[in-house]
Amino acid sequence: MVISCESVNKSYGVLQVLKEVSLVVNKGEIIAITGPSGAGKSTLLHILGTLDKPDSGRLIIDGADCISLSENGLSSLRNRKIGFVFQFHHLLPEFTAIENVIIPGLIAGRKEQEVRTEGIHLLKLLGLELRVSHKPSEMSGGEQQRVAVARALINKPAVVLADEPSGNLDSQAASELHYLFFRLREEINQTFIIVTHNDQLAARADRVIKLKDGRIEL
Ligand code: ADP
Ligand code: MG
């Protein structure tokens, strides 16, 4: 088990956004989270990624009980154990692809040379060997998103959490990105939890978790 949550509840004011949500994800699984807009998908992903706190419930990431961790403990765990990919790549525009990729490694206190070597390896794995020294503005949307995936992978996270990662891509680039997720699972047994509206991706996932009005539909 890589990540699990149990009986998670979350409200914003009077709005109950997540109701008794429980989920167990094993290493190497690719899970799709689907459901209508406003169902609570992003809120769940943020809680799984420790970016937001549940009102009640348990969260275990790679053996660590997250509810009992301090803010510092949480940010360190987030940096080492979780890779994020959002709908918009959030790459730093002034930095090259490799510079963007290594930032979480440097934050983790790793040696620059080691992180850079790994970053170049990851960019190659993602088909970006000719884009290593390009800035985001010099790349296509699909390439930018693949750089964001490399950045998410640099610290060998236990799980990659992706929130509509292909939501801003054309169908060709979306298919390529999804293909890469499955290849990364084959090659490095990477675990993914992906919020998506893409039916093809959901159909290929190991499991589909459907959220509706803050509950998992059985
Ligand atoms: P989804 O990603 O499935 O579209 P969200 O998790 O973003 O849904 O949002 C679920 C509900 O929670 C929505 O009604 C949204 O307006 C509300 N919500 C999300 N984040 C906040 C917040 N920080 N403050 C208040 N309401 C929020
Ligand atoms: Mg959302």
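The values are calculated or read from the model by the stated rules, or taken from the named source; none is laboratory data. All values reported here derive from a predicted model rather than from experimental measurement. With ideal geometry, Cβ positions are generated from the backbone for all residues, glycine too; neighbour counts draw on all protein chains shown. These accessible areas exclude ligands, DNA and RNA; they are computed on the full protein's heavy atoms, side chains included. Shrake-Rupley method; radii C 1.70, N 1.55, O 1.52, S 1.80 Å.
Solvent exposure of ILE216, expressed as accessible area, is near 50 Å², computed with a probe of 1.4 Å over the protein chains only.
In this structure the range 88-149 gives 52 Å² per residue of accessible area when probed at 1.4 Å with all protein chains present. Counted over the chain, the DSSP beta bridges are approximately 50% antiparallel.
State whether the range 140-208 is rounded, prolate or oblate according to the following rule on the C-alpha gyration tensor (a ≥ b ≥ c being the square roots of its eigenvalues): a/c under 1.5 gives rounded; otherwise a/b larger than b/c gives prolate, and the remaining case gives oblate. Kindly include the intermediate steps, with their values, before the conclusion.
Numbers: a/c = 1.66, a/b = 1.12, b/c = 1.48.
Taking the square roots of the gyration eigenvalues as a ≥ b ≥ c, the range 140-208 is oblate.
Estimated at the nearest 10 Å², the accessible area of ASP55 is 100 Å² with a 1.4 Å probe.
Just from its helices, what would the mean residue ellipticity at 222 nm be for the chain, if runs of 4 or more DSSP H residues each count -39500 (n - 2.57) and the sum is divided by every residue, rounded to the nearest 500 deg cm²/dmol? Don't skip to the end; give the middle numbers.
On the way: 7 runs with 81 residues, N = 218.
When only DSSP H runs of four or more count, the value is -11500 deg cm²/dmol.
Each of THR191, THR117 has its accessible area taken with a 1.4 Å probe; listed largest first, they run THR117, THR191. Centre-to-centre, using Cα atoms only, the range 16-80 and the range 153-218 are separated by 16 Å. For the pair SER70 and GLU112 in one chain, pulling the backbone fully straight at 0.36 nm per residue adds 12.4 nm over the alpha carbon distance. How would the range 28-176 be classified by its alpha-carbon gyration tensor: rounded, prolate or oblate, with rounded meaning a/c under 1.5 and the a/b versus b/c comparison settling the rest? Note, shape of the range 28-176 comes out oblate.
Where in the range 103-140 does the amide nitrogen come within less than 20 Å of the point 7 Å from the Cα of GLN172, taken along Cα to Cβ? Only 126-131, 137-140 fall inside the zone, counting backbone N under 20 Å. On the range 118-218, 46 percent of the accessible area sits on carbon and sulfur atoms, based on a 1.4 Å probe. You can think of it this way: the chain between LYS210 and GLU6 has 71.8 nm of extra reach, that is 0.36 nm per residue less the Cα-Cα gap.
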